[in-house]
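Chemist: Take this structure, written in structure tokens, and hold onto it; I'll ask about it next.
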């Protein structure tokens, strides 16, 4: 924690120095963007049904999309498309997204504590994909900060923002 505070102070000092040197607003804006690590936190509470996904594990990915053009591509995908093309998309677009992944087993009691995710400062949107065996899109938009409950049901999931 102490190291993070020192880094933040150093970045703020650098930012003030750059602003005082008569640099363009664009340069100052980029320096500001670099100094911020996160635009906030997304807190996920996960609940899983005893019969979820035909009593099979459910893979879940949360994507923080940083590129608007890439966002349009991913929004049009179903979860099965995402999981099938995931490795290729990550190789081809490494800077366009940040992906967090988990897998939960039915009857498993997920950690009662919420999962705290740092949202990248340049995140345009957050999406969730769940890899169910049943037909359906199994995807949803998420807020980029706040508290969310994800209920992994028998054949699909629900998302509730608080």
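The values are calculated or read from the model by the stated rules, or taken from the named source; none is laboratory data. Everything numeric here is computed off the predicted structure, so don't read it as measured data. When we count neighbours, we look across all protein chains shown, and the Cβ atoms used for this are built from the backbone with ideal geometry, even at glycine.
Chemist: Name, by its number, the condition in (1) more than 15 Å from residue 129 (Cβ to Cβ); (2) buried (at least 18 other Cβ atoms within 10 Å of the Cβ) that does not hold for residue 65.
Modeler: Only one criterion is unmet by residue 65, namely (1).
Chemist: Here is a follow-up. All but one of (1) exposed (fewer than 15 other Cβ atoms within 10 Å of the Cβ); (2) in contact with a helix residue (DSSP H, G or I) (Cβ under 7 Å, 6 or more places away or on another chain); (3) farther than 14 Å from residue 152 by Cβ hold for residue 127, so report the exception by its number.
Modeler: (1)
Chemist: Oh, and also: Against the definition (at pLDDT 95 or above and either under 27 Å from residue 147 (Cα atoms) or exposed (fewer than 13 other Cβ atoms within 10 Å of the Cβ) (or both)), how does residue 17 come out, yes or no? Can you show your working first?
Modeler: On the way: at pLDDT 95 or above: no; either under 27 Å from residue 147 (Cα atoms) or exposed (fewer than 13 other Cβ atoms within 10 Å of the Cβ) (or both): yes.
When the stated conditions are applied, residue 17 does not pass them.
Chemist: Ok, one more. Report the residue count in the stretch 44-88 for those that are touching a strand residue (DSSP E or B) at 6+ places or on another chain (Cβ under 8 Å) and either outside the structural domain of residue 149 (by TED's automatic domain parsing) or without any contact (Cβ under 8 Å) to a residue 40 or more places away in the chain (or both).
Modeler: The qualifying residues number 2.
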